[in-house]
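Encoded as structure tokens, the structure appears first; notes follow it.
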Amino acid sequence: MEQSHEFAVDGNAVAGPLSEIFAFDVTSVQVNCNHCGATNPFAEEIAYVGGPGTVLRCADCASVVGRFVKTPDSVWLDLSGSASWRIGTSQ
Amino acid sequence: MKATDDAQHRGPATIPWLRAELLEGRMETRTARSLVFDVPGWAGHHAGQHVDVKLTSEDGYSAQRSYSIASASASGQLELTVQVVSHGELSPYLVEVMSPGDELELRGPIGGWFRWTEEFTEPVLLVGGGSGIVPLMAILRERIRTGSTAPVHFICVARTPDHVFYTNELHSVDQSHADVLVDRLYTRSGLADDARAAGRLNLHDLPPPSSGDTGITRAYVCGPTGFVESAADLLLGRGHPPTAIRTERFGPTGG
């Protein structure tokens, strides 16, 4: 499915804010989409950063694979669109 | 262990914000500026990584953007190249206003995926569109700084010759390093004696991947979203394996 990603950036652009939550570099994570089954590096997934939070979409099918919202006292992670995250431990 | 106690009280270790003082700036084009910062506590980076930059106004309002690092790794210092984005929150200040001695906050280095180190000995293909050449320039500079022998083919795509960053440096590196090849391609209008007609990046502009003893070419593509998608498709069409292509894209939300 081709969609217009004219206003999107990619996962690289949200790695800084997410470094406040995760102890590992998120850009190298292999994200498995729960909708189409494609696996892509987090860095190359499509990111929308203009709203109140960040939405990460699958680079293949554009389904939402992650949502990240920061409130004054919490951070919300919705990873229900990801089947799995593979986090390398070798580096 | 005091350090452990502190870490537990603060939660997960985060990348700290550092104060950065502008040492010097120079215009690359009419709308893009390279800024060299003195950053006490900066330990260096991998080429291709970026930083988050934060500016806070006197009333406490703060704006944050990420920018690719343009320089080779060095402790205590780094260089960014920033393109003005119309109505951007940070870029007009960084390009047009900020003066030597002024400070901002930055944190990094960020990103482990889109990076190159001297440990990679395979040939390198760099394909940059517009200001997407910034992290690729860091890779070229790091390659030269470290004395790596990895062959580099750097394809810079810009609207016109006036839109190319690092013009003099690219020319001199191209002339002085036998295993570094720099191509400048123009999409709107080129130079009178260009063999290639101005136009979008096409299949003939890109080399096939190397193979054999040198290992498979590592390709890095950076630029606006449309550019990256089409360049990555062309590389696949040229026979580059998807696993050897790394991309970084930025959209109009930058600024």
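Here, each number is a calculation from the coordinates, and none is a lab measurement. Here the structure is a predicted model, which means the values were calculated and not measured. Virtual Cβ from ideal backbone geometry, glycine too; neighbours counted across all protein chains shown.
Shown here for the range B:101-167: trypsin sites (Lys or Arg not before Pro) in loop regions (DSSP other than H, G, I, E, B) with at most 16 other Cβ atoms within 10 Å, namely B:ARG159. Could you compute how fast the protein assembly as shown diffuses translationally, taking Rh as the Kirkwood radius over C-alpha pairs and applying Stokes-Einstein at 25 °C with viscosity 0.890 mPa s? Give it in µm² per second. In µm²/s, the coefficient rounds to 117. Calculated translational diffusion coefficient of the range B:124-250 (10 °C, 1.306 mPa s; Stokes-Einstein with Kirkwood radius over alpha-carbon pairs) equals 108 µm²/s. Checking every one of the trypsin sites (Lys or Arg not before Pro) in the range B:28-88 against DSSP loop status and a limit of 16 other Cβ atoms within 10 Å picks out B:ARG30. Compared with the rule-of-thumb size 2.2 N^0.38 Å for a compact globular protein, the range B:15-148 has a Cα radius of gyration ratio of 1.03. Taken over chain A, the ratio of Cα radius of gyration to 2.2 N^0.38 Å equals 1.02. With neighbour counts taken as other beta-carbon atoms within 10 Å, the residues B:SER62, B:SER230, B:SER57 rank, fewest first, as B:SER57, B:SER62, B:SER230. Between B:ALA197 and B:ARG145, the distance separating the two model label sites (each 7 Å from Cα on the Cα→Cβ line) works out to 4.2 nm. At the listed q of 0.11, 0.12, 0.22 Å⁻¹, the Debye profile of the range B:15-90, built from one uniform point per Cα, gives log10 I(q)/I(0) equal to -0.29, -0.34, -1.14. 3J(HN,Hα) couplings calculated from phi for the range B:46-60 with the Karplus curve 6.51 cos²θ - 1.76 cosθ + 1.60 (θ = phi - 60°) are, in sequence order, 9, 4, x, 6, 10, 10, 8, 10, 10, 10, 10, 7, 4, 8, x Hz; Gly and Pro show x. Taking each DSSP H run with n ≥ 4 as -39500 (n - 2.57) and averaging over every residue of chain B yields -5500 deg cm²/dmol at 222 nm. Once the chain from B:ASP179 to B:ARG19 is taken as fully extended at 0.36 nm per residue, the excess over their C-alpha distance is 53.8 nm. Amide hydrogen proximity for B:PHE250: with H placed 1.01 Å from N in the peptide plane, the residues at 5 or more positions away or on another chain lying under 5 Å are B:GLY223, B:THR225. Taking other Cβ atoms within 10 Å as a rough exposure proxy, B:MET27, B:MET137, B:MET98 sort from fewest to most as B:MET27, B:MET98, B:MET137. A Cα-only calculation for the range B:72-182 places Rg and Dmax at 15.4, 43 Å. Each listed q (0.07, 0.13 Å⁻¹) maps to a log10 I(q)/I(0) for chain B from the Debye sum over equal C-alpha point scatterers, namely -0.25, -0.84. Here B:ARG26, B:ARG238 are placed in order of increasing Cβ neighbour count within 10 Å, fewest first, which gives B:ARG26, B:ARG238. Here the Karplus relation 6.51 cos²θ - 1.76 cosθ + 1.60, evaluated at θ = phi - 60°, turns the backbone of the range B:122-127 into coupling constants of 5, x, 10, 10, 10, 10 Hz, with x for every Gly and Pro.
Identify, among A:VAL75, A:ALA47, A:ASN34, the residue whose Cα sits farthest towards the positive end of the charge dipole of the range A:9-86, taking +1 on the Cβ of Lys and Arg and -1 on the Cβ of Asp and Glu, with the dipole about the Cα centre. Towards the positive end, the residue furthest out is A:ASN34.
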